[in-house]
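Participant: Before I ask anything, let me first share the structure, which is written out below as structure tokens.
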Amino acid sequence: MGHIRILSDQVANQIAAGEVVDRPASVVKELLENSLDAGATRIRVEVEAGGRKIIRISDDGCGMNRDDTLLAFERHATSKLRTADDLLSIATLGFRGEALPSIASVARVTLETSTGDPAEPGTRLEIAGGKILRVDDAALPRGTTIAVSDLFFNTPARRKFLRAESTELAHVTALVTHYALVHPEKHFDLVSSSHTIVAAPPVARAAERIYQIFGKDTLAQLLPVAAELPLERVGLPETPPWKRDPDEPPRQPGTLRLTGFFSKPELQKLNRNSIYIFVNKRLIRDRLLLHGITEAYRNVIPPTSFPVVLLFLEMPPEEVDVNVHPAKTEVRFRQQSWVHDFVRDSLRTALVKARPAAGFLAALDAQPTASPSLMPPAASPVPGAPGEALRTELTEGIAPPDSDPGAIANAEAFQLTPRTPNPTVGRLPFGAGGIAGKAFDQNRFEPGSFEPGSFDRQALSEAAAALLTPPDPNSNGANHCSPSPNGNGSNGSHTAAAASQIEAEQAAVNLNQLGSLKPLGQLRESFILATSEEGLWIIDQHVAHERVLFEKILRERQVEQAQRQRLLMPLLVDLKPEQMVVFAHIAEELERNGFEVEPFGPQTLAVKAAPVGLEGAELERMLAEVIEQSAGIEAAGLNEQPTKNEDLTALRTRIAASLACHSAIKINMPLDQARMEWLLLELARTNHPTSCPHGRPIALLYSWKEIYRAFHRI
Ligand code: ADP
Ligand code: MG
């Protein structure tokens, strides 16, 4: 008897589930994607115990008839793809036909769905561990509700890998947030044990959605970017002319489009978790694009810090292969380096153009934070945990998520804080589970007791009014089902106004005016004080000059005209043998920067000439620093397989940064008026007057508004 057997469908599904479903968040991901593919305009996600107990997703999408409902749970059953060729131009999020059977094989699932067609009854189906328990007709409104309970009830080994409820909930929240960001025109709700975590009625623009979900402070730290690039060719290589079907229309190359938001240099994160990349509305992880983003911020923020970036890339579906990974979180671009360079250059250009000025308060917070990711802070203390009250900040006019105003009265205690910290308006207890004003801020998420009687009535009535505002029926994306007529939600006009105001304030405060600042004098002979229309500026003279020199050195390096000066006496530098090896690597680059160095014995170098402005002890220190850094980088293997080019660019900027730092005006150095004016003018001419090559801020602005506010004049 042979040993090989064909696996039963049930086992095959459980194996597939191993790739597709590994935690509640991945179930939510698959179901959300199905709802979006079904053209839903309103999606509600409810979870209990972080999704370990139950995950329920309701949508108002196109629904399914009875036959399709049964088919949907078969392996490889999909409505989104027919031939393998369709894969080359897939426009839906799903296409593998694996999610529903996989989920149903490891959980108990109840599905209720209806196409809304009076001729077809709705269907209610129960399935557990892959076995259909019952199928009934049911009168249901158009749309689909799917409830997944007891995840991994029949695979205890997998259940053990689930993490704490709060962790799973955080993952679910991140996921819903991502999809809400990329579909501002749709209504998303996320509720955990009757606490609302995300409530996002439709809005017109991504900026408003950011405001809705992350709040004012986050939006105020982001700048918009938009760019496009016409492609020269598209998709797979053309079929040769002799094989081509003469009737086949020529392929249109299409366009690469990028929109999104990026953080000002003052906002720095310790990891990449706050970089979100969406390709054709699909959230992906991609090393190549991460690299492009990091490159854009090179020498603007420290190499160990990461920005916050939301990037929405749109390209013809032929340009990107989405069938790379079962969970569809990775993609392959057909023209990789185009996409990489496009992202890097667009971001870099946007950074240079925006030249954002750092505010005093922002700079205080600018230490890189280890926050796990850009998430609505509400997710961290587990809402719904016994005795935990979800405290949120009610932002004026943001609609409460719950569509039933009555829910306000009988839900658990809530605490609302006014939108701007204002000592005269206290916080107020509020019996409402349904109200979760959106602009959560983790920092303000402090535990506290209720202070009766200080509730902002206007905010509540506005919220209630928004709640009752009829939905915008036109808000629907291009999906593979027809639009749903029965969306619901607020028009978000308050959100729109608030978001626009924040954006306008952002745009107004930039460093273009640096050149016209009037220096008043120095503070401790280290910081230049200056004024402008905008307010009071403090400029760190050392880093300002460092930035000026850094860009000058790189410019001159490019045209190879670094100015050198002969030393009266050669400077002798002793090196250890391993340092000699490092030196050999960087000698050529040093020479291009104006050094003239010759060996002087086996372990000694003689520096005969150096770049203008670098002398004495600073010269010695600079050389030691560059050699040490280069040795450190080689030893740490940070340069693992860099391209030659990249390696050289990194070395070049490292040397330039070091040169600039050691030649720049020091702190504790008196400057006369002319010198201060000269420095500000030179700084204004740089590409990145925001931060020094090591990522420290250069200029802080104390705006008139802040000053007036501090003196209680507004
Ligand atoms: P895929 O999404 O890859 O097609 P799934 O297993 O996720 O595979 O779903 C199978 C099919 O079930 C889908 O192709 C779709 O036709 C249908 N379906 C799933 N969820 C929904 C939904 N929420 N609304 C309408 N149809 C759905
Ligand atoms: Mg799917």
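The values are calculated or read from the model by the stated rules, or taken from the named source; none is laboratory data. All values reported here derive from a predicted model rather than from experimental measurement. Here the Cβ positions follow ideal geometry from the backbone for every residue, glycine too, while neighbour counts run over all protein chains shown. To get the accessible areas, we keep the full protein, side chains included, count just its heavy atoms, and leave off ligands, DNA and RNA. Shrake-Rupley method; radii C 1.70, N 1.55, O 1.52, S 1.80 Å.
Participant: Taking the residues in the range 217-232 that are of a type in the set (Asp, Glu) and either closer than 30 Å to residue 252 by Cβ or at pLDDT 85 or above (or both) as candidates, determine which candidate is most open to solvent (accessible area, probe 1.4 Å).
Facilitator: Looking only at the range 217-232, we keep the residues that are of a type in the set (Asp, Glu), and these are 217, 228, 232.
Those left that are additionally either closer than 30 Å to residue 252 by Cβ or at pLDDT 85 or above (or both): 228, 232.
Numbers: 228: 114, 232: 144 Å².
Per the stated criteria, the residue is 232.
Participant: State whether one or more residues within the range 322-342 are closer than 30 Å to residue 535 by Cα, buried (at least 16 other Cβ atoms within 10 Å of the Cβ) and out of contact with any Phe, Trp or Tyr (no Cβ under 9 Å at 6 or more places or on another chain). It would help to see each step written out before you state the result.
Facilitator: Start the filter on the range 322-342 by keeping residues that are closer than 30 Å to residue 535 by Cα, which leaves none.
Scanning the range 322-342 turns up no residue that is closer than 30 Å to residue 535 by Cα, buried (at least 16 other Cβ atoms within 10 Å of the Cβ) and out of contact with any Phe, Trp or Tyr (no Cβ under 9 Å at 6 or more places or on another chain).
Participant: What about residue 37, is it more than 14 Å from ligand 2 (Cβ to nearest atom), among the charged types (D, E, K, R) and open to solvent by less than 20 Å² (accessible area, probe 1.4 Å)? Outline the logic, then answer.
Facilitator: Values: more than 14 Å from ligand 2 (Cβ to nearest atom): no; among the charged types (D, E, K, R): yes; open to solvent by less than 20 Å² (accessible area, probe 1.4 Å): yes.
So residue 37 fails the test.
Participant: Something else: Are any residues in the range 291-303 modelled with pLDDT of 90 or more and open to solvent by 20 Å² or more (accessible area, probe 1.4 Å), and if so, which ones?
Facilitator: Hits for the range 291-303 are 291, 294, 295.
Participant: Then there's this: Taking into account only those residues within the range 41-50 that are touching a strand residue (DSSP E or B) at 6+ places or on another chain (Cβ under 8 Å) and not β-branched (Val, Ile, Thr), which is farthest from residue 109 (Cα to Cα)?
Facilitator: Restricting attention to the range 41-50, the residues satisfying the condition of being touching a strand residue (DSSP E or B) at 6+ places or on another chain (Cβ under 8 Å) are 41-48, 50.
Right, trim to not β-branched (Val, Ile, Thr) and you get 42, 44, 46, 48, 50.
Details: 42: 21, 44: 17, 46: 14, 48: 15, 50: 17 Å.
The qualifying residue farthest from residue 109 (Cα to Cα) is 42.
Participant: Here are the criteria: (1) more than 11 Å from ligand 1 (Cβ to nearest atom); (2) out of contact with any helix residue (DSSP H, G or I) (no Cβ under 6 Å at 6 or more places or on another chain); (3) under 20 Å from residue 154 (Cβ atoms). Tell me which single one residue 24 does not satisfy.
Facilitator: That leaves (2) as the condition not met.
Participant: Residues to consider are 126, 112; find the one that is more than 13 Å from ligand 1 (Cβ to nearest atom), of a type in the set (Asp, Glu), at pLDDT 95 or above and outside any loop (DSSP other than H, G, I, E, B). Show your work before the answer.
Facilitator: Details: 112 fails: more than 13 Å from ligand 1 (Cβ to nearest atom).
Selected residue: 126, the only one of 126, 112 that is more than 13 Å from ligand 1 (Cβ to nearest atom), of a type in the set (Asp, Glu), at pLDDT 95 or above and outside any loop (DSSP other than H, G, I, E, B).
Participant: Output the number of residues of the range 62-73 satisfying the condition of being away from ligand 1 (no atom under 11 Å from the Cβ) and without any contact (Cβ under 8 Å) to a residue 24 or more places away in the chain. It would help to see each step written out before you state the result.
Facilitator: In the first step, residues of the range 62-73 are kept if they are away from ligand 1 (no atom under 11 Å from the Cβ); the result is 66-67.
Subsequent filtering for residues that are without any contact (Cβ under 8 Å) to a residue 24 or more places away in the chain retains 67.
Residues meeting the conditions: 1.
Participant: So which residues in the range 82-102 are more than 17 Å from residue 35 (Cβ to Cβ) and aliphatic (A, V, I, L, M)?
Facilitator: Of everything in the range 82-102, those that are more than 17 Å from residue 35 (Cβ to Cβ) and aliphatic (A, V, I, L, M) turn out to be 84, 87, 88, 90.
Participant: Then there's this: Scan the range 88-108 residue by residue and report those that are under 33 Å from the mean Cα position of the chain (by Cα), more than 13 Å from ligand 2 (Cβ to nearest atom) and within 21 Å of residue 145 (Cβ to Cβ). Full working, then the answer.
Facilitator: We begin by selecting, within the range 88-108, every residue under 33 Å from the mean Cα position of the chain (by Cα); these are 88-104, 106-107.
Narrowing further to those that are more than 13 Å from ligand 2 (Cβ to nearest atom): 88-89, 91, 106-107.
Scanning the range 88-108 gives 106, 107.
Participant: Has the range 368-377 got at least one residue that is outside any strand (DSSP E or B) and at pLDDT 55 or above?
Facilitator: Pass one, the range 368-377, residues outside any strand (DSSP E or B): 368, 370-377.
Okay, now just the ones that are also at pLDDT 55 or above, so 368.
Yes, the range 368-377 contains a residue that is outside any strand (DSSP E or B) and at pLDDT 55 or above.
Participant: For residues that are open to solvent by 50 Å² or more (accessible area, probe 1.4 Å) and over 40 Å from the mean Cα position of the chain (by Cα), tally how many sit in the range 580-615. Walk me through how you get there before you give the answer.
Facilitator: From the range 580-615, those open to solvent by 50 Å² or more (accessible area, probe 1.4 Å) are 581, 584-585, 588, 591-592, 598-600, 602-603, 608, 612, 615; that's our starting set.
Of the ones still in play, those that are also over 40 Å from the mean Cα position of the chain (by Cα) are 581, 584, 591, 598-600, 602-603, 608, 612, 615.
Total meeting the criteria: 11.
Participant: Still on this structure, I have one more. Within the set of pairs 6 or more residues apart or between chains, which connect a residue that is within 26 Å of residue 131 (Cβ to Cβ) inside the range 74-85 to a residue that is more than 9 Å from ligand 1 (Cβ to nearest atom) with Cβ atoms less than 9 Å apart?
Facilitator: Hits for this filter: 74/9; 75/9; 75/12; 75/13; 75/16; 80/86; 80/90; 80/91.
Participant: Follow-up. Kindly list, by first and then second residue, each pair from a residue in the range 88-106 that is part of a loop (DSSP other than H, G, I, E, B) and buried (at least 24 other Cβ atoms within 10 Å of the Cβ) to a residue that is polar (S, T, N, Q) and at pLDDT below 90, limited to pairs with Cβ atoms under 8 Å and residues at least 6 apart or on different chains.
Facilitator: From the range 88-106, the pairs are 106/14; 106/155.
Participant: Those residues that are without any contact (Cβ under 8 Å) to a residue 60 or more places away in the chain and either within 16 Å of ligand 2 (Cβ to nearest atom) or part of a helix (DSSP H, G or I) (or both), I need them from the range 145-158; list them, please.
Facilitator: 156, 157
Participant: If a residue has to be part of a helix (DSSP H, G or I) and within 16 Å of ligand 2 (Cβ to nearest atom) to count, how many in the range 10-23 make the cut? Explain how you work it out, then say what you get.
Facilitator: Step one: list which residues in the range 10-23 are part of a helix (DSSP H, G or I), which gives 10-20.
If we keep only those that are within 16 Å of ligand 2 (Cβ to nearest atom) as well, we get 13, 16-17, 19-20.
Going through the range 10-23 one residue at a time, the tally reaches 5.
Participant: Considering the range 45-63 alone, what residues qualify as being assigned to a strand (DSSP E or B) and either surrounded by 21 or more Cβ atoms within 10 Å (Cβ to Cβ) or not basic (Lys, Arg) (or both)?
Facilitator: So the first thing to find is which residues in the range 45-63 are assigned to a strand (DSSP E or B), and the list is 45-48, 54-59.
Of everything in the range 45-63, those that are assigned to a strand (DSSP E or B) and either surrounded by 21 or more Cβ atoms within 10 Å (Cβ to Cβ) or not basic (Lys, Arg) (or both) turn out to be 45, 46, 47, 48, 54, 55, 57, 58, 59.
Participant: Another question about this same structure. Counting only residues that are more than 30 Å from residue 687 (Cβ to Cβ), give me the strands (runs of 3 or more DSSP E) lying completely in the range 202-313 with at least 1 of them. Can you show your working first?
Facilitator: Values: elements: 222-230, 255-263, 275-279, 282-284.
Output list reads 282-284.
Participant: For residues in the range 64-87 being in contact with a strand residue (DSSP E or B) (Cβ under 8 Å, 6 or more places away or on another chain), assigned to a loop (DSSP other than H, G, I, E, B) and within 15 Å of ligand 2 (Cβ to nearest atom), which is most open to solvent (accessible area, probe 1.4 Å)?
Facilitator: 64
Participant: Please pick out the residue among 117, 137 that is in contact (Cβ under 8 Å) with a residue 60 or more places away in the chain and either in a loop (DSSP other than H, G, I, E, B) or open to solvent by 20 Å² or more (accessible area, probe 1.4 Å) (or both). Show your work before the answer.
Facilitator: Values: 117 fails: in contact (Cβ under 8 Å) with a residue 60 or more places away in the chain.
Checking each option against the conditions leaves just 137.
Participant: Tell me, please, whether a residue that is more than 19 Å from the chain's Cα centre (by Cα), in contact (Cβ under 8 Å) with a residue 40 or more places away in the chain, part of a strand (DSSP E or B) and surrounded by fewer than 22 Cβ atoms within 10 Å (Cβ to Cβ) can be found in the range 165-176.
Facilitator: no
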